[in-house]
1. Just to verify a number: FRET efficiency for LYS283 and ASP123, C-beta to C-beta distance, R0 = 30 Å, to 0.05?
2. Ranking MET254, MET28 by Cβ neighbours within 10 Å, fewest first, what do you get?
3. Find the percent of Cα-Cα distances in region 279-342 that exceed 21 Å, and round it to a whole number.
Amino acid sequence: MSHSSTFNSKLKITIAREVSIIVIILLMIEVIIRSLVNVGWLSVPFGLWNRARYPVILFESEQLNPDVFFVGNSRTRHGVDTNQFNNYYNQKTNQTIKSYNAGIPATSAYITSTFSRAFLIPDYNVDTIVWVLTATDLDGYISEFWNQQWVDFLAVPEVQSRLQSQFNIDDVMKNWWTWRFRHTIKYIMSNLGSPFTYQVNQRKDYGYLSLTEEVIPQTILQDNFYWEYVTSEIDPQILNTIRDFVQVAMNHNMKVIFVIQPTLHHQYQDGEQYIRVEDQIIKEFTSFLDQYDVAIYDERYLSFDEVISFDGFEDSSHLNQNGAPIFSRRLAEIYIQETQSD
């Protein structure tokens, strides 16, 4: 009996040890995969889709010859309904207008600015470029996070041929691989937690603030649980690239308008604090644009006042087919106001 009991005890210990090892290995695999996704190693299909999008924009723009370009990232792509914009403008002015949505999901301010300066501004004689964005798009963490999309952008043959004189593509790729490897290690350390925690952004931040089921209907949360991040400062490099964008557009006699898109950020668990940070960023950005006499419209009130309600949002930062028409009609009003004031 004693021998059997000892054997059973050793067996249980062995099984517990093996199970523990397997669990640890699975957790490590999960941490590594999550880190690889964060840094961009596992997002190749999305990058390939974006690479294909740039030539499509150029082709469609050439066919349409628009009067107005809407630029930005996925918030522009999903939030601007050009048919609604065109029709509303026609109703209010009895004039026709052609607009094109050149928003590309998962692109940073660097790409929006460079793509516009290299292609949209010099190649098309548009009257106005409207850049739709949120305060988050001006944050340094977000711009760093999407560095991979910058490489995807430079990998487009049309882009390489035109920008080779401005950027050493080989050096950019080499720097990107260095950046990717370094941040993979840092994300792994961060996901492992203390004592190896890595601070992604050393500036004062307000962390990840999530929508809550108590505030937002479950239909919004389901399959669209959205995390946001914002710091209390604007990335100076983003201001530099926006300055270049504005100056090139002005040299081509194009009007530039910036529009802050409505979001559900005020419905975060720490929504009041989050909005105060956004207010500071937008105030700083407005002062920056004042130097160049560029208009900026803060349209967050559309969600604050529930002009666009919950059913108008895909998630906390993206409009859907219900919200986009309302916002697009407001964009037409802004465009009319800006053009009539000239």
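1. Working: r = 34 Å, r/R0 = 1.15.
Given R0 = 30 Å and the Cβ-Cβ separation, E is 0.30.
2. Values: MET254 20, MET28 13.
By the 10 Å Cβ count, ascending, the order reads MET28, MET254.
3. Numbers: 753 of 2016 pairs.
Above the 21 Å cut-off, region 279-342 has 37 percent of its Cα pairs.
Here, each number is a calculation from the coordinates, and none is a lab measurement. This structure is a prediction, so every number in the text was calculated from the model and none was measured. Cβ coordinates were reconstructed from backbone atoms using ideal geometry, including for glycine residues, and neighbour counts include every protein chain displayed.
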